[in-house]
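Below: one structure, written as structure tokens.
The values are calculated or read from the model by the stated rules, or taken from the named source; none is laboratory data. These figures come from a predicted structure and were not determined experimentally. Neighbour counts are summed over all protein chains in view; Cβ atoms, including those assigned to glycine, are modelled from backbone coordinates with ideal geometry. Side chains are part of the model used for accessible areas, which takes the heavy atoms of the whole protein and leaves out ligands, DNA and RNA. Shrake-Rupley method; radii C 1.70, N 1.55, O 1.52, S 1.80 Å.
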Amino acid sequence: MAKENGKAKKRGRKAYLKDIRPNLSGEYVYTGAHLNFVPENKSYRRAMSEMAVYALLSLAGLAAAGFVRVGGMGNCFYVLIPYMAEAIAVFTLLLAVYKAISRGSRLRDYEYESSIVKIPVRALLAAVFAAAGVVCIVIFIVFNGLDGGVGELVLLIAAKAVSVAAAILLRRLMASLRWENE
């Protein structure tokens, strides 16, 4: 077990439950640490709005790429595997962003750990898998030729570019935000 302030810190999936205890009236109260958003160059509302926009742009890029059948997106396993991994990364990213936005500017420690801490990693994964998808699409086109229209290919590449750019911008935004213990 990890030590924190001289006490053994419980680890595991439900470790945060140790900080929720009954008070004298029988109500359960959270007694653990809280983290507050520190507005440096952006207000909380603007930061959360940008976070939501970048996450939704990642989803839009994923959805647009899913409607295209050119470049092996219809039936090639080595093109579809990175696309599926990107979809998982984007959906888990959206979940973390939703948790961060819905909880407010004052987060409990476990809420912070399950949302704010995980967003940069999930954004990086979404960007990496989208870029890997572009590489696989190019490989497919080199070996099999263009199996559809040029317009569809341009839409596919643009959708992947939006996915990569939105995820990188979200990661950069998260690096610029600051939260501090109460």
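Annotation: amide H-H contacts under 5 Å for H34 (H modelled 1.01 Å from N, sequence separation of 5 or more, or interchain): E182. Evaluated over the chain, the count of Lys pairs having alpha-carbon atoms less than 29 Å apart is 23 (only pairs 8 or more residues apart or interchain).
Distance between the 7 Å Cα→Cβ label points at T31 and A161: 5.7 nm.
Please name which of A60, L173, V154 has its Cα lying farthest along the dipole of the chain towards the positive end, using unit charges on Cβ (Lys, Arg +1; Asp, Glu -1) and the Cα centre as origin. Sorting the options by dipole projection puts first L173.
The phi torsions of segment 123-131, fed into the Karplus equation with coefficients 6.51, -1.76 and 1.60 and a -60° offset, translate into couplings of 5, 4, 4, 4, 5, 5, 5, 5, 5 Hz, rounded to whole numbers, with Gly and Pro shown as x. Using the Karplus relation 6.51 cos²θ - 1.76 cosθ + 1.60 with θ = phi - 60°, the per-residue 3J(HN,Hα) values for segment 31-44 come to 10, x, 6, 10, 10, 10, 6, 10, x, 9, 10, 9, 6, 4 Hz, with x marking Gly and Pro.
Each residue of segment 78-94 was assigned a 3J(HN,Hα) from its phi angle through the Karplus expression (A = 6.51, B = -1.76, C = 1.60, θ = phi - 60°), giving 6, 8, 7, 5, x, 5, 5, 5, 5, 4, 4, 5, 5, 5, 5, 5, 4 Hz with x at Gly and Pro. Accessible surface ranking for R122, R45, 1.4 angstrom probe, highest first: R45, R122. Electrostatic tally near P120: other residues with Cβ closer than 10 Å to its Cβ, Lys and Arg +1, Asp and Glu -1, net +4.
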